[in-house]
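> A single structure is presented below for examination.
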Number of protein chains: 2
Amino acid sequence: MNYAPKGKVNHVVEAGEFQVGVTALDHGHINGMTNGLIEAGATIKYVYDPDPEKVAEYRETFPDVEVADSLEQILEDPEIKMVAAAAVPNLRSALGNRVMKAGKDYFTDKTGFTSLDQLAETRRVQKETGRRYFVYFSERLHVEAAVLAGQLIEEGRIGKVIQVTGFGPHRLDKEKRPDWFFNKEEYGGILADIGSHQIEQFLYYTGNEDAEVIASKVANYDNPDVPELEDYGDATLVGDNGATFFFKVDWFTPDGLPTWGDGRTFITGTKGTIELRKYLDVGREDSLDHVYLVTEEGVEHRQVTGEIGFPFFGQMILDCLNGTEEAMTQEHIFKAQELCLLAQEKAQVIQSKI
Amino acid sequence: MNYAPKGKVNHVVEAGEFQVGVTALDHGHINGMTNGLIEAGATIKYVYDPDPEKVAEYRETFPDVEVADSLEQILEDPEIKMVAAAAVPNLRSALGNRVMKAGKDYFTDKTGFTSLDQLAETRRVQKETGRRYFVYFSERLHVEAAVLAGQLIEEGRIGKVIQVTGFGPHRLDKEKRPDWFFNKEEYGGILADIGSHQIEQFLYYTGNEDAEVIASKVANYDNPDVPELEDYGDATLVGDNGATFFFKVDWFTPDGLPTWGDGRTFITGTKGTIELRKYLDVGREDSLDHVYLVTEEGVEHRQVTGEIGFPFFGQMILDCLNGTEEAMTQEHIFKAQELCLLAQEKAQVIQSKI
């Protein structure tokens, strides 16, 4: 739940050149987001949250960050370039709109949206203000194995990518979750929430700008006490170029697994395959970042933690400063989000008799 | 292509008590089928194929088998209880009907059918004759890891099964394949053919008697010289009890993989997960039958070749002799086949621009 990757320091700016205010500490992902920003050279100037306990907890990890009195203080400070936030999901879009209207760029935990209406409004505000709305798709951007997969595809190691399959199981930790976690209006549904990582990966690895949601499903199989929780979801898509995608996400990580989830990505190319075992190599090693590459020449297994880095954060900072779109385009972000919201909206709700 | 598992000898009958005629040696699976029958105590009395080369090749492995002059000789021999065959797929059903009408039971390579019309006719003949129509769903029945998975589920080790995902990649070996392999009328389409293994596993592991095909797709991504080959297919289903299934099958096993395909099955239960790495543990060990079990207590990795056996073959023989349905019911076989034929029939044909 508070999984917060750390990587190599690789500053793209001088100290003080890219100052960030952190707010809305509702999800522990804010720690990973902060790590990525700091490692790329950002200066976290402020933290603000109405809940002093959350602020105190954040400052245990990041003690040098000054506590702001209000969000306004952050938004009105001309030195602040970006606001990073992990609000309750259905509030992320409105917060981002406010940040962009204040002339700052925005970096939100995923999912950036819980409804297509929110997405439409943020698309409009982003265009109007010219500011940036970045989403922390951590399951690719903050996983070195996943970054390497993109490089291997780029190098042509597996030929042309025809298929991607993603598994995103998560540990429920029911007793540790806030109330919003079980309220669908607030968390948005499992496909909108943890599904958003998945579709971003598909578009990226297959080089598609758009795709069609063919079918999707959600269910509450085993949590009748929290009926609005969807503990399972899946979807299948076809990209514009004909590559296909399937992903499943769930809250059924068994207690005996040594980490929060056995996240996998399987990529099939015309000349090879890549399998990512992101957070452990189950039954083998508890280390992160296992990459299994099979090509026409043979099989390679690499464990790449510390070797690849997280180029996203530095690219994002430079994009904000230079007006470029090297990290990813705004349209890629909005499209990944649109597709997961469509998958959520059209999902078949399974009535379990199991 | 000629992958033919061998297991422990575990005779359920005396020598000569269950005599089998083998015919239609069009697919190398006939060797695995023969191994399974012999290990369970069957006596292979005859082999017949119009092609003497195929007969000679079969007798290199099974030299004690007498060559029959014709299929009629097998069908008219009152000692013969069963005919085992691996005909060209679109001929399997008609051959089975003939066998059953001759008063023998039938054991065919998968897929047993390439059309719903064939299935309807065989259902009728099976009912009329009271004989048995068995299908060699080797990817479960002849894989010890897959047999163990069924036992672990039965023991409740992973709670209630909510989801199954299957990967059935195969090596194409294009230059070694017979002509029928590339003719859709004859092989039936990728979902009807190698997809048939998959749906049988889903019904079995989830305990469903029926399911709905939600969506399915087929494509020829990279084999324009054989346009009727489908080199990719997938489908997603929901079982009667609400458990879901996704599978993908393809002909893209990279040349560098040490075996014909990295077949996997992933089973998610409410209290644990099972992953099967059936034919190798890629990048780790080239042995068969790796089972990764994660429960509330922890993670177990077992490599179970030689430990579990293949109970199907003995059960099938006893079912034929005793009129029982211990191996599997006829309805289970027909339903698994019906669903893969429906998945094939309704499949979206992807136009690749990759």
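The values are calculated or read from the model by the stated rules, or taken from the named source; none is laboratory data. Keep in mind that what you see is a predicted model, and the values were worked out from it rather than measured. Please note: Cβ atoms are built from the backbone with ideal geometry, for glycine as well, and neighbour counts cover all protein chains shown. The protein model used for the area step is the full one, side chains on, heavy atoms only, and it has no ligands, DNA or RNA in it. Shrake-Rupley method; radii C 1.70, N 1.55, O 1.52, S 1.80 Å.
> What is the number of the single condition among (1) modelled with pLDDT of 95 or more; (2) surrounded by fewer than 20 Cβ atoms within 10 Å (Cβ to Cβ); (3) within 14 Å of chain B (Cβ to nearest Cβ) that A:Ile354 does not meet?
(1)
> Please state which of the following conditions A:Gln315 fails to meet, knowing it meets all the rest: (1) open to solvent by 60 Å² or more (accessible area, probe 1.4 Å); (2) in the same structural domain as A:Ala219 (by TED's automatic domain parsing).
(2)
> Moving on to the next point. Looking at A:Ala343, A:Ala327, A:Ala243 in this structure, which one is more than 21 Å from the chain's Cα centre (by Cα) and aliphatic (A, V, I, L, M)?
A:Ala243
> What's the number of the only condition in (1) within 14 Å of chain A (Cβ to nearest Cβ); (2) of a type in the set (Val, Ile, Thr); (3) surrounded by fewer than 17 Cβ atoms within 10 Å (Cβ to Cβ); (4) not in a strand (DSSP E or B) that B:Thr324 fails to meet?
So the condition that B:Thr324 fails would be (1).
> Which of the residues spanning the range A:267-290 are over 27 Å from B:Glu297 (Cα atoms), buried (at least 21 other Cβ atoms within 10 Å of the Cβ) and within 9 Å of another protein chain (Cβ to nearest Cβ)?
Pass one, the range A:267-290, residues over 27 Å from B:Glu297 (Cα atoms): A:267-274.
Next, from what is left, pick out any that are buried (at least 21 other Cβ atoms within 10 Å of the Cβ): A:267-269, A:272-274.
Within the range A:267-290, A:Thr268, A:Gly269, A:Gly272, A:Thr273 meet the criteria.
> For the range A:340-353, state whether one or more residues are touching a Leu at 6+ places or on another chain (Cβ under 8 Å), within 23 Å of A:His11 (Cβ to Cβ) and in contact (Cβ under 8 Å) with a residue 24 or more places away in the chain.
no
> Among the residues of the range A:336-343, are any more than 14 Å from chain B (Cβ to nearest Cβ), open to solvent by 20 Å² or more (accessible area, probe 1.4 Å), of a type in the set (Asp, Glu) and in a helix (DSSP H, G or I)? Give the derivation first.
Initial filter on the range A:336-343 (more than 14 Å from chain B (Cβ to nearest Cβ)): A:336-342.
From what's left, open to solvent by 20 Å² or more (accessible area, probe 1.4 Å): A:338, A:342.
Okay, now just the ones that are also of a type in the set (Asp, Glu), so A:338.
If we keep only those that are in a helix (DSSP H, G or I) too, we end up with A:338.
Yes, that holds for at least one residue.
> Which one is nearest to the other protein chains (Cβ to nearest Cβ), of the residues in the range A:252-266 that are among the small types (Gly, Ala, Ser) and touching a Ser or Thr at 6+ places or on another chain (Cβ under 7 Å)?
The selected residue is A:Gly256.
> Could you please tell me which pairs satisfy a Cβ distance under 6 Å, a separation of 6+ or placement on different chains, a first residue in the range B:313-337 that is of a type in the set (A, V, I, L, M), and a second residue that is assigned to a helix (DSSP H, G or I)?
Close Cβ pairs (under 6 Å, with a partner that is assigned to a helix (DSSP H, G or I)) amount to B:Ala327/B:Phe312; B:Ala327/B:Gln315; B:Ala327/B:Met316; B:Ala327/B:Asp319; B:Ala336/B:Ile199; B:Ala336/B:Glu200; B:Ala336/B:Leu203.
> Does B:Arg124 satisfy being at negative phi and not in a loop (DSSP other than H, G, I, E, B)?
Answer is yes for this residue.
> Can you tell me which of A:Ala120, A:Ala84, A:Ala94 is outside the structural domain of A:Gly195 (by TED's automatic domain parsing), under 20 Å from A:Lys346 (Cβ atoms) and out of contact with any Lys or Arg (no Cβ under 9 Å at 6 or more places or on another chain)? Steps first, please.
Working: A:Ala84 fails: under 20 Å from A:Lys346 (Cβ atoms); A:Ala94 fails: under 20 Å from A:Lys346 (Cβ atoms).
Matching residue, one of A:Ala120, A:Ala84, A:Ala94: A:Ala120.
> Return yes or no: is B:Gly298 of a type in the set (Gly, Ala, Ser), free of Cβ contacts under 8 Å to residues at least 40 places away in the same chain and either over 22 Å from A:His301 (Cα atoms) or out of contact with any Cys (no Cβ under 7 Å at 6 or more places or on another chain) (or both)?
Criteria met by B:Gly298.
> Determine whether the range B:322-331 contains at least one residue that is of a type in the set (A, V, I, L, M) and outside the structural domain of B:His197 (by TED's automatic domain parsing).
Yes, some residue in the range B:322-331 is of a type in the set (A, V, I, L, M) and outside the structural domain of B:His197 (by TED's automatic domain parsing).
> Okay, next question. Is it the case that some residue within the range A:301-320 is more than 20 Å from A:Val147 (Cα to Cα) and in a helix (DSSP H, G or I)?
yes
> Kindly establish whether B:Leu293 is assigned to a helix (DSSP H, G or I) and of a type in the set (A, V, I, L, M). Please lay out each step first, then the result.
Working: assigned to a helix (DSSP H, G or I): no; of a type in the set (A, V, I, L, M): yes.
It is false that B:Leu293 is assigned to a helix (DSSP H, G or I) and of a type in the set (A, V, I, L, M).
> Is it the case that A:Glu300 is surrounded by fewer than 21 Cβ atoms within 10 Å (Cβ to Cβ), under 30 Å from A:Glu186 (Cα atoms), assigned by TED's automatic domain parsing to the domain that holds A:Gly239 and not β-branched (Val, Ile, Thr)?
In short, no.
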